[in-house]
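Each remark here refers to the structure printed beneath this line.
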Amino acid sequence: MLDELDDLLRSTRDWLAEGHKVAIATVIETWGSAPRRRGSHAIIRDDGLFEGSVSGGCVEGDVIFGAQALIHDGGGFERRDYGIQDENAWTFGLACGGKISVLIQTVDDAHYPPALLDEVIERRAQGEAISVVTDLASGASRAGEADSDNVYTNLYPPPLRMMIVGAVHVS
């Protein structure tokens with residue numbers, strides 16, 4: 001059974017296999033009213049094609065621009081903070097009045113390793129949860145437990161299953 005996360009990770013893997021460079025953007029912090037929850041992802045390809053969402057459209061353009069810059073500069077990571085402030089009120093921001101922080105990482109061995117994609121997909125397919133820890137100082141992600149304070153941890157539970165039981169059409 002697949003869900004949005006599986007679709008994004010599989011698309012990332014497919015894009016890499018096709019020879020594209022890819023970045024992953026993750027909402028790592030929210031405050032107040034935010035359009036997407038913590039842990040939401042978007043993936044961005046070197047040619048600007050993207051899937052997923054970190055804000056429901058409010059700041060996607062800027063996230064895509066930042067991801068493409070990282071990709072074209074040879075890889076890396078960057079944290080971008082969004083909200084309503086005077087200096088960006090007319091360019092991009094969150095109409096809901098909240099604030100979000102988005103971490104953008106290139107998918108490469110130094111930041112978000114391709115092998116980690118496979119591990120998350122496989123563990124979830126087996127019905128297991130997996131924790132991905134990202135060091136916010138280096139932008140490096142790995143599976144495992146947090147071992148310092150300056151990290152972001154995203155727990156990916158297995159996909160939910162819904163069972164409908166009954167013998168008639170209203171079940």
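The values are calculated or read from the model by the stated rules, or taken from the named source; none is laboratory data. If you're wondering where the values come from, they're calculated on a predicted model, not measured in any experiment. All Cβ positions, even for glycine, are placed from backbone atoms using ideal geometry, and neighbour counts span all protein chains on display.
Taking Leu8, is it touching a His at 6+ places or on another chain (Cβ under 8 Å) and either buried (at least 17 other Cβ atoms within 10 Å of the Cβ) or not aliphatic (A, V, I, L, M) (or both)? Answer is yes for this residue. Among the residues of the stretch 143-154, write down those that are surrounded by fewer than 15 Cβ atoms within 10 Å (Cβ to Cβ) and in contact (Cβ under 8 Å) with a residue 24 or more places away in the chain. The answer is none; no residue qualifies.
Taking the residues in the stretch 26-49 that are closer than 24 Å to Ser131 by Cα and modelled with pLDDT of 95 or more as candidates, determine which candidate is surrounded by the most Cβ atoms within 10 Å (Cβ to Cβ). I'd like the intermediate steps shown before the answer.
Step one: filter the stretch 26-49 for residues closer than 24 Å to Ser131 by Cα, giving 26-31, 34-44.
Still in the list and also modelled with pLDDT of 95 or more: 43-44.
Values: Ile43: 21, Ile44: 30.
Only one residue fits best here, namely Ile44.
The residue that is modelled with the lowest pLDDT, among those in the stretch 72-93 that are farther than 25 Å from Val151 by Cβ and not in a helix (DSSP H, G or I), is Ala89. Look at the stretch 155-171: where a residue is closer than 30 Å to Thr134 by Cα and of a type in the set (D, E, K, R) and a partner is in a loop (DSSP other than H, G, I, E, B) and modelled with pLDDT under 75, sitting 6+ places away or on another chain with Cβ atoms under 7 Å, you get Arg161/Met1. Would you be able to say whether some residue in the stretch 108-128 is in a strand (DSSP E or B) and in contact with a Ser or Thr (Cβ under 7 Å, 6 or more places away or on another chain)? So far as the stretch 108-128 goes, no, none of its residues is in a strand (DSSP E or B) and in contact with a Ser or Thr (Cβ under 7 Å, 6 or more places away or on another chain).
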